[in-house]
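Single-structure report; data block below.
Every number here is computed from the coordinates shown, using simple stated rules; none is lab data. On a predicted model such as this, the values are computed, not experimentally measured, just so you know. Please note: Cβ atoms are built from the backbone with ideal geometry, for glycine as well, and neighbour counts cover all protein chains shown.
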Amino acid sequence: MTINAQSGVGRIRLFEDFFNVLDQSDISDNTETMDMSSIGPFSVFGEGLIEIDAGITAQHALSGVGRLSTTDVDDDGTAVGTYNCFDVGLMAPIILEARVQMPDLDTKRVFFGLTDATGGDGKKDLSIEDDIVAATTLTFTPVASDYVGFYLSSEMTDDEDWHTIFRGGSSAMTSGATSASYDVDDDAVAGEWQILRLEVDPNGTARWYIDGDLKKTQEGACSTSVDMGVVLGVEVVSGTTTEFLDVDYLLVEANRDWNA
């Protein structure tokens, strides 16, 4: 009996609840070789991950929580996600959802979304500032050619607010774009959980939700043909202290490309 491939599992679902996470805090590695590890179906990567104070540690909390921790070096960070395996035109609707909180909102950047900056085989030394988007006070400077997601940075004037950022589609963010056009007036609060959800349609239209409330809909937010990967990451703005992002769960859903 011949089975048509399209009759199989057509929906991809990646999920991690962070009950069993990687703890590299006592591994005195510090070599020139970048460490890249996996948590469930996701990869762990980022600039500075070779240092022993960076990685993901278990918080031994109810419902399972993983803490992404950085080094104390400028622009070093830790991220969890995938390589560039999602094509919006072929695999949408694509859904990303994570429940996150931060112990504090100082000297850090956070990005959660899709971007081609991860590189075809996973960019081990990914930096939000150097590889995805840079931001200061009221303006953004795009770095990657394609991204769509949530962004928060202590460098911005509205430093506790989540921003919706996007590039690669017909409504691309341009260099010098002002932050007022992208903030959603929904501040993160230290020590309080928020659910971030991003939905992307086959035509590149994106929707951003926080705690179930629709914050923005943007047509032409991203490319429908560029392969992108998932990134949920935190990084240091200035090298004074290590930074943290707690993650309760990470969910990614997409259609399978039966032609791949």
Task: Ser170 versus Asp17: modelled label distance in nm, points set 7 Å from Cα along the beta carbon direction - done: 4.2
Task: Within the chain, longest stretch free of exposed GluC sites (Glu not before Pro) [DSSP loop, at most 13 other beta carbons within 10 Å] - done: 33-191
TODO: Mind jotting down the distance between the C-alpha centroids of the range 144-189 and the range 193-260, whole Å?
DONE: 12
- [ ] Output the Cα-based Rg and Dmax of the range 148-256 in Å, rounding Rg to one decimal and Dmax to a whole number.
- [x] 14.5, 43
Open item on the list: For the chain, set up a GNM with springs between Cα atoms under 10 Å and report which of Leu245, Leu62, Leu196 has the largest fluctuation.
Closed with: Leu62
- [ ] Take the Cα coordinates of the range 39-255, assign each an equal point scatterer, and use the Debye formula without solvent to give log10 I(q)/I(0) at q = 0.15 Å⁻¹.
- [x] -0.88
Task: Extension gain (nm, one decimal) between Thr240 and Asp211, 0.36 nm per residue minus Cα-Cα - done: 7.3 nm
- [ ] Please give the calculated 222 nm ellipticity per residue for the chain, where each DSSP H segment of at least 4 residues contributes -39500 (n - 2.57) and the sum is spread over every residue; nearest 500 deg cm²/dmol?
- [x] 0 deg cm²/dmol
TODO: Could you calculate the contour length gain from Thr157 to Thr57, that is, 0.36 nm times the residue separation minus the distance between their Cα atoms, to one decimal place in nm?
DONE: 32.9 nm
Task: GNM top mover of Ala135, Ala92, Ala177 - the chain, alpha-carbon springs below 10 Å - done: Ala177
Open item on the list: Is the C-alpha gyration tensor of the range 106-207 telling us rounded, prolate or oblate? Criteria: a/c under 1.5 is rounded; beyond that, a/b larger than b/c is prolate, otherwise oblate.
Closed with: rounded
Open item on the list: Could you work out the relative contact order of the chain? I mean the mean sequence separation of Cα pairs under 8 Å and 6+ apart, divided by the number of residues, in percent.
Closed with: 29
TODO: Could you work out which residue, out of Phe45, Phe18, Phe112, moves most in a Gaussian network model of the chain, that is, has the largest mean-square fluctuation with Cα springs under 10 Å?
DONE: Phe18
Task: Rough spin-label spacing in nm, given labels placed 7 Å along Cα→Cβ, for Asp104 and Asp201 - done: 4.3
